[in-house]
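Single-structure report; data block below.
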Amino acid sequence: MPAANIRLPMGPSSLQRCIIKAQWVLAPLIACGIAVPAFAADDAATETASPGPTMQEVIVTATRREEDMSKVPISVTALTQADMDMKGIKDITDVARFTPGVYIDNSGTNNISIRGISSSGGAGTTGIYIDDTPIQMRALAFNPDETLPKSFDIDRIEVLRGPQGTLFGAGSEGGTVRYITAQPSLTKTSIYGRAELSYTEGGTPSYEAGIAVGGPVVDDTLGARATIWYRRDGGWIDQVDPTAADPQSAVVDSNANYGETLLVRLAALWAVNDAWKVTPSIYYQNRELHNVSAYWPVYSNPGNNQYINGDPTGRPVPDKFYLPALKIDGDLGPVHLISNTSFYHRQEQTGYDGTEYNLGFYQTFSLQAPVGFVQFQPGVPFPLIDGNGIHLPADIANYRSPASIDNGQENLTQELRLVSSDPNAKLIWTTGVFFSENRQHYLEQIHDPMLNAFWLAVAGVPYTDVFTDLDGNPVPYVGSYPTDSYFLQTHSTDRQIAWYGEGTYSLTDTLKLTAGARFSRTQFSFNTFTGGPQLFNAPLSNSGDKKENSFTPKLDLSYQPNPNDLYYATYAKGFRPGGANNPVPQAACAQDFQSFGITASPATYDSDTVNSYEIGAKNNIANRVRLATSVYYVRWNNIQQTVVPPICQISFISNLGTAVAKGADIQADILVTSALSAEISAGYTDARYTQDSKLSPTQATPIVSSGDAISGQSGQPNPPATASLGLEYHFGAFGHESFARIDYEYESRGKWLPPEQDSSTLQFDAANYMLPATNFVSMRAGMTFNALTIEPFIDNLLDTHVVTNYNFSIDPGTGNSRLVRDFTFRPRTYGLTFTYHQ
């Protein structure tokens, strides 16, 4: 269905308040007589010697075998559980702030983009894995909403930049995000716990508690690990009744955007004998968001932390999944056999405010002809919705039309992999077969039980006089959806079977050649049913399938002249499968089709591909500076993108031309002194279309123009430049290891207009604007008492409330302003975290 299109200067007084509140957070340390030295303090000033930061190597499995991250010729960021605790990372939205080239859409879809490869339609462009199970979803229609696993009891999160089509298959065009869970042990007992209490200015407290316990049940034979964690994120946006006489005071739900998450995981490890191990596990997460975190700027005062949402109905977002998996690992001498079997089941409900959409849509009927033309009665306020709010006649002030979208996923995955055993052999290799069957269902509904009452009140006619087909016949409700003015029901199945192989051959002691390939056969089948008065058409249905083959090779040459330096050059290809469109009614979109030069929307769309060329280096300088740098050029062909017809706004997906993403990224870990360390990351991406895109030769105005920035789900381009800086100082106090840390993250303003902001395209809407640059600062300190660490912190230290995304109502057609809904960071938050490792 149609989707609503979706500064930081700070005065001295504000800065003084930040410093005072930072001192308050550190007060528990100061009150105990503990010195908290400045970052530049001399090491001798500390009361007790502290080991300080060190250059620790992280083991990753980016190549499907365990290797030191500094020895892997891939641009990869890996964050361990200890790293995430130190930085206060809770999920992938926090990870993105510390990772160059990664961007998360902040409008509610959780769409992940790597190196500018993002899309508003079709299959996902970023692979998302929990261990060896892919969990990303396909965009069947509006608002595909990826799930975000939380970071409790995660061994590490790996972010692989660049296409990973050889080892990780379809959908990993920009890269892959992998959540690697903590595993049971046959020999060692471990306990990990975390608790937190925090307060958000202008909101309510947040808190969490969790524990994970693992160890041998029968020594060397049977191990187990159990995890349970709960978190409540306090709300900070009030919901009001927008039809009240004084909406800002008519609060119906205070701090409504709170959320709760429960995570449970159980895993076992059984050593059948010396050669075979079996690991069954189940992962469960239930996240309940009470209301979305959008606010109306017309009612709000962000400078005073007063955020108000005037949506007529609340939009809870329940999202739960469970993932049982079985891993079998066999040592066959020269090779290892790994089998992974899993079933991912997810149910989630999201949506948009149907009342706001309907009011914007319906009021255009008095301004257009022939479909939907009707004259409003005298005395009816017009426009019904604009930049100042909602204006309804008194007798239908209670008009409500909530919209919901139910998403479901059932993914069955089976993979068999053979890996050579000797890591020092001249040839090391991996090969495997992969099968998946991913079933998805989508149900979008605009619940409109007051449709007839609405039209009697504003136009004096029943709704059947307004919603007619091109022949003038009334379009009634559909029997199976008796109160929906619009619905779309879609069921789809993605099947994939693939063979892949990758080998690394040592040409010399310092020069290695890696070659890999994956051959995939994909099949997409679907059936869809849509109807309701808003279509101006009888119910429509469609079904079919699409089969495709894909070949994704990889070639890498790496040179390691000494243990501290690695240089590599890589070519890699990625792809995502094609699909099919939901039916678009001719009656509603006839004018749009005419301007496109087509008679109907395309029934299907094809796969698209990326070809990536990368040169990178990893260097360790005197074990005090560790660098990872890369430059890349990615050509994206036959791009799957959503087309939103400007009049009917019933979207479909088409293949729109080519684009190029080019840029560079750098990560540096620096030991400034034995006590002070710095972490620096930066990325720059130029991701733009390279040609005009049209649906037919007769189309006068392109849908996309050459030079337009690639945009994602919200129609916003990725920020071309991102950077982060972290400073960490270790010191001793009263015999306890202590630290203080400050982190700064920056995202630049967009540099090139996306199609939605380019007046030379059919997607242009003058209400769209470029998002500003963002700056985000956080502080954290801590002291360790044996296995327990206590950490006071401040997130959003400068209390920035810059707009990070927005959407707005349909143009009323009168030149009035739109009703805008904004998104921003959670206001300044103070807290205390307790972590326990044993």
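Calculated FRET efficiency, ASN452 to PHE382, Cβ-Cβ distance, R0 = 22 Å: about 0.65 to the nearest 0.05. Scalar couplings 3J(HN,Hα) for segment 383-395, obtained by applying the Karplus form with A = 6.51, B = -1.76, C = 1.60 to θ = phi - 60°, are x, 6, 9, 7, x, 9, x, 10, 10, 10, x, 4, 6 Hz; x denotes Gly and Pro.
Cross-link pairs exceeding 24 Å between alpha carbons, from the set LYS547/LYS662; LYS426/LYS662; LYS618/LYS662; LYS150/LYS554; LYS547/LYS573: LYS547/LYS662; LYS426/LYS662; LYS150/LYS554.
Identify which of the listed values of Kirkwood radius over Cα pairs in Å was calculated from the structure shown: (1) 33.8; (2) 28.4; (3) 29.7. Step by step, Kirkwood radius over Cα pairs in Å for this structure corresponds to label (2). The LEU788 and ASN623 beta-carbon pair, evaluated with R₀ = 30 Å, returns a calculated FRET efficiency of approximately 0.50. With Cα atoms as the point set, segment 386-487 shows a radius of gyration and Dmax of 27.1, 83 Å. At R0 = 41 Å, how high is the FRET efficiency between THR493 and TYR571 if r is their beta carbon distance? Nearest 0.05 is fine. Given R0 = 41 Å and the Cβ-Cβ separation, E is 0.80. Packing around the peptides 171-179, 217-225, 437-445, 770-778, taken as the average count of other Cβ atoms within 10 Å per residue, puts them in this order, highest first: 171-179, 437-445, 770-778, 217-225. A dipole drawn for the chain from +1 and -1 charges on Cβ atoms has a positive end, and of ILE810, THR99, PRO247 the residue lying farthest that way is THR99. As a fraction of the 1.4 Å probe accessible area of the chain, surface on carbon and sulfur atoms comes out at 57 percent.
What's the center-to-center distance, using Cα atoms, between segment 391-459 and segment 265-316 in Å? Taking the Cα centre of each part, segment 391-459 and segment 265-316 sit 15 Å apart.
What is the distance in Å between the Cα centroid of segment 156-182 and that of segment 59-107? First find each Cα centre; the distance between them is then 10 Å.
Accessible area per residue for the chain is 37 Å², calculated with a 1.4 Å probe on protein heavy atoms, without ligands, DNA or RNA. Segment 355-418: which chymotrypsin sites (Phe, Trp or Tyr not before Pro) are DSSP loop and have at most 15 other beta-carbon atoms within 10 angstrom? Here the chymotrypsin sites (Phe, Trp or Tyr not before Pro) that fit, given the DSSP loop and packing criteria, are PHE373. Sort segment 113-179 into rounded, prolate or oblate with this rule: let a ≥ b ≥ c be the square roots of the eigenvalues of the Cα gyration tensor; rounded if a/c is under 1.5, and if a/c is not under 1.5, prolate when a/b is larger than b/c, oblate otherwise. Oblate is the answer for segment 113-179, as a/c is 1.5 or above yet b/c matches or exceeds a/b. In plain terms, the chain from TYR199 to LEU511 could stretch by 106.9 nm, reckoned as 0.36 nm per residue minus the Cα-Cα distance. Available extension along the chain between ASN398 and GLN375 is 6.1 nm, counting 0.36 nm per residue and deducting the alpha carbon span.
You can think of it this way: the chain between THR93 and VAL217 has 41.0 nm of extra reach, that is 0.36 nm per residue less the Cα-Cα gap. For the chain, the 222 nm mean residue ellipticity estimated from helices alone, with every DSSP H stretch of n ≥ 4 adding -39500 (n - 2.57) and the total spread over all residues, rounds to -2000 deg cm²/dmol. For the pair LEU332 and THR690, label points projected 7 Å from Cα toward Cβ lie 4.2 nm apart. Each of ASN816 and GLN838 was given a label point 7 Å from its Cα along the Cα-to-Cβ line. The distance between the two points is 6.4 nm.
The Cα center of segment 468-527 and the Cα center of segment 768-838 differ in position by 33 Å. For trypsin sites (Lys or Arg not before Pro), the sites in segment 704-782 that DSSP calls loop and that have at most 16 other Cβ atoms within 10 Å are ARG749, LYS751.
The values are calculated or read from the model by the stated rules, or taken from the named source; none is laboratory data. Please read these numbers as outputs of a predicted model, since none were measured by experiment. For neighbour counting, all protein chains shown are included, and Cβ atoms are generated from backbone atoms with ideal geometry for every residue, glycine included. The area values use the complete protein model at the heavy-atom level, side chains included, leaving out ligands, DNA and RNA. Shrake-Rupley method; radii C 1.70, N 1.55, O 1.52, S 1.80 Å.
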